[in-house]
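This report concerns only the one structure given below.
We did not get these values from a lab; they are worked out from the coordinates using the rules stated. Owing to the predicted nature of the structure, the values given are computational and were not obtained by experimental measurement. Using ideal geometry, Cβ is built from the backbone for each residue, glycine included, and neighbour counts are taken over all protein chains shown.
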Amino acid sequence: MIDADVAIIGGGPVGATLALALQDKGLRLMVLEARPDPMPPADPRVIALSYGSRLILQRLGVWSALAPSVTPIRSIHVSQRARLGRTVLSAQECGVPELGCIVEYGVLYGALAGALARAGIPVLYDAQARRVTSTLESATVHYVHAGRPGVVYAALLVVADGGKGLTEIPGIRRDVQDYGQAALVAQVETELPHHHVAYERFTTRGPVALLPHGERTYALVWTETPEIAQALCELDETDFLRRLYDHFGDRQGAFLAVRDRGVFPLRLACARPVTGRRLAVIGNAAQTLHPVAGQGFNLGLRDAWELARLIGEIRREQLGSPAMLQRYRARRCLDREGGILFTDFLVRVFSNGLPGLGALRGHGLNLLETCLPAKRFVADKMMFGARG
């Protein structure tokens, strides 16, 4: 018995993107979402959307609801603390209106939830997936909704729960590597306007990023050891702003205010492989990356888009078949592995104080600055992924 052609565990941004991309394929869809209702969560976190992700959201008809709430990024200033070497990636040099933009998670969630409702895609809220099983004929989701158990049978099951729901998925293991770092996130107000410039500054303990959000406000992502990050989070406002100024410098003048501080551990978690019998994992359920360079969410959005494209290319009876899932793995391999290697490389090479490495990093940044084709290449991969 098949209740849905495609069942999706997780109605967040990645799962919703997949469902919306499949809405015109003539398939029976079912989305199971753990949140209790479609109301946007009160979540102060922000997401860095690449220009490629913006194009996906435009094609889904969601962008018009987001546009008034996003802050464009038109250039990215990359440097290292207390060392020479820097480069600036610019949208103008790359021939695009922007390299990306910043949007609050709750705004994005709300826009996608509204699009799901308008499309009439069935979403079961307050549904906690407990266990999945699979046979040659179907995948089965055992869930609890409003305290009552339920079951869904699907030709293809897609897990897009952010890696925070199901602990075991048949045929798939998760390799986890702790970076020994934590991200302190916050909103900070600066003396000078940002002019749509994002900053990524590397230090020996991890990168610090300032992402334009609003008029004179930045979303801060400050990587430190877990102990230091927690201590910074607990400082009073005056001491915190002073420490941030000492750490980042005076490119934006004084830091005037801070709000919404929080600390999150950083790790690399990868599903191996990303498909099992009658199922696939996408987004953070497939790979959870370090936030350096802002690649994780955009990689997950491309997972959803490419899976929907593949489903649109096959016959209905091939849905969830071993051949179809092997094609998906092959299609996503270069982009996925490239994104994992790129972020891991940045963390390891730019976040340590080995003798001589700082000078080499500086030379590399300066060389990149002088070579426009290389800058365009790097920016292209950051915007559109390894496959462009």
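Counting each pair of different Cα atoms once, what's the Kirkwood radius of the range 55-194 in Å, rounded to one decimal?
Hydrodynamic radius (Kirkwood, Cα pairs) of the range 55-194 is 20.0 Å.
Summarised as an ellipsoid, the range 129-282 has semi-axes of 42, 16, 15 Å, derived from the eigenvalues of the Cα gyration tensor scaled by 5 and square-rooted, with the largest first.
Sorted from longest to shortest, the spans of the Cα atoms of the range 176-250 along the three principal axes equal 37, 27, 19 Å.
Which of the lysines could a cross-linker bridge to Lys25, judged by Cα under 30 Å and excluding same-chain residues fewer than eight apart? Straight-distance partners of Lys25: Lys164, Lys381.
In a shell of Cβ-Cβ distance under 15 Å around Leu124, excluding Leu124 itself, what net charge do Lys and Arg (+1) and Asp and Glu (-1) give? Display every interim value, and only then the final one.
Working: positive: Arg28, Arg35, Arg130, Arg148; negative: Asp3, Glu33, Asp37, Asp126, Asp161.
Computed value for this residue: -1.
Could the peptides 142-149, 309-316 be put in order, highest first, of the mean number of other beta-carbon atoms found within 10 Å of their residues? Could the numbers behind the result be given before it?
Numbers: 142-149: 12.0, 309-316: 13.5.
So the peptides 142-149, 309-316, ranked by packing, come out 309-316, 142-149.
Excluding Gly300 itself, calculate the net charge of residues whose Cβ lies under 14 Å from the Cβ of Gly300, where each Lys or Arg counts +1 and each Asp or Glu counts -1. Write out the running numbers ahead of the final one.
Working: positive: Lys164, Arg302, Arg332, Arg336; negative: Asp161, Asp303, Glu306, Asp335.
Neighbourhood net charge equals 0.
Normalised size of the range 279-388, defined as Cα radius of gyration per 2.2 N^0.38 Å with N residues, equals 1.32.
Taking the DSSP bridge list for the chain and keeping only pairs wholly inside it, about 75 percent are antiparallel.
Rounded to the nearest angstrom and listed largest first, the equivalent-ellipsoid semi-axes of the range 1-50 from its Cα gyration tensor are 24, 14, 8. Of the DSSP H helices in the chain, those with a Cα length along their own long axis of 30 Å or more and a mean Kyte-Doolittle hydropathy reaching -1.0 comprise 322-350.
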